[in-house]
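Step one of this worksheet: look at the structure below.
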Amino acid sequence: MQTAVVTGGAQGLGAVIARALVAEGYRVVIADVNNEAASVLVQELGAERCSALSLDVSSEHAVENALDTIETQWGMPYLWVNNAAIMKAQSVLDIDVQTFDRVMAVNLRGTFLCSQRFARRLLAAKNKGRIVNIGSLAGQNGGAATGAHYAASKGGIHTLTKVFARDLARYGITVNTIAPGPLDLPSVVATIGEDKLPGLLANLPTGQLGNPNTVARMVVELAREDANGLTGATIDINSGLYLR
Ligand SMILES: NC(=O)c1ccc[n+]([C@@H]2O[C@H](COP(=O)([O-])OP(=O)(O)OC[C@H]3O[C@@H](n4cnc5c(N)ncnc54)[C@H](O)[C@@H]3O)[C@@H](O)[C@H]2O)c1
């Protein structure tokens, strides 16, 4: 049984991905700052297949400690999903330095740190592995209401994906990103407000928010051992909002 780590897996898209991975036969570590929500998910999925780990992905020491704990508990993970992120809908004129730095630290540095430290351990163990990042449409088109810091952090993740993919390809480690548009998740309505939902839907070519299960199934596909030739890609799941 392979072990997968999902950062920010306690709720929202991360929880959908965790459920899909457990259904696929993985043991899943929910690595999140929200310990309460993570425990609820572990109860739902069963402690023999799922565990919760308190992790702030922006902290170098916390990431190293998390890897130590996971290796001791379940052995070296095969799959790492960088899903944890924070977002603040703000105009460029209103963003203060502290908020800019925190969004970058969680979203971009967190993805960098987790990928780098996980990859180092895979190499030391001579293991192959998979890294899947959750990017965003905002990282491609600037986003409509997600804030410059969030959009820039996601654009940075798309670029990190290419560089990590190139550097790690020879070791049998693939690195890919899924770039969702607005998904059918509580966070979307919380950001735009219930009243703006009809306007958002009218603007989507498909007329529908993206299904989080589509993203989760793509994670499963990218993680397959025989998907070894698929690396460095950013896969769009964006309701037809941005075609390239
Ligand atoms: N919801 C969407 O429509 C949408 C669209 C595009 C991309 N995304 C991306 O999908 C991912 C999940 O989004 P969501 O909508 O489920 O968000 P969410 O806010 O519901 O969940 C984010 C999770 O990350 C955790 N988290 C926050 N800071 C953390 C930290 N420092 N360390 C570890 N965990 C931390 C939170 O506790 C939470 O469980 C994010 O990367 C987001 O950018 C979402």
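Every read-out reported here was derived from the displayed coordinates using simple, explicitly stated rules and does not represent laboratory data. What you see is a predicted model; the values in this text were computed from it and never measured. As a convention, Cβ positions derive from the backbone with ideal geometry for all residues, glycine included, and neighbour counts pool all protein chains shown.
Brief remarks follow.
- Inter-label distance for Gln98 and Ala144, nm, one decimal - labels placed 7 Å from Cα along Cα-to-Cβ: 3.2
- Residues Ala233 and Asn65, FRET efficiency given R0 of 25 Å [Cβ-Cβ distance, rounded to 0.05]: 0.20
- Put in line by how crowded their Cβ is, counting other Cβ atoms within 10 Å and starting with the fewest, Val33, Val57 read Val33, Val57.
- Label positions at Glu24 and Met76, each projected 7 Å from the Cα along the C-beta direction, are separated by 2.0 nm.
- Derived scalar couplings between HN and Hα for the range 92-100 equal 4, 6, 9, 6, 8, 4, 4, 5, 4 Hz in order, rounded to whole Hz, by the Karplus curve 6.51 cos²θ - 1.76 cosθ + 1.60 (θ = phi - 60°), x for Gly and Pro.
- When only alpha carbons are used to place a centre, the range 84-154 and the range 174-244 end up 16 Å from one another.
- Residue exposure proxy: Asp195, Asp56, ordered by other Cβ atoms within 10 angstrom of their Cβ from fewest to most, comes out as Asp195, Asp56.
- 5 angstrom amide H check on Ile173, placed H, neighbours 5+ away: Gly129
- Karplus (6.51, -1.76, 1.60) ³J(HN,Hα), θ = phi - 60°, over the range 175-184, in Hz, Gly and Pro reported as x: 9, 9, 10, 10, 10, x, x, x, 9, 7
- Structure-based [θ]222 nm, the chain - -39500 (n - 2.57) summed over DSSP H runs of at least 4, per residue, nearest 500: -14000 deg cm²/dmol
- Sorted from greatest to least, the principal axis extents spanned by the alpha carbons of the chain come out as 49, 38, 37 Å.
- Ser91, Ser239 arranged by Cβ crowding within 10 Å, fewest neighbours leading: Ser91, Ser239
- Note: relative contact order over the range 3-236, using C-alpha pairs below 8 Å and six or more positions apart, is 20 percent.
- For the range 1-89, a/c is not less than 1.5, where a ≥ b ≥ c are the root eigenvalues of the C-alpha gyration tensor, and a/b does not top b/c. That puts it in the oblate class.
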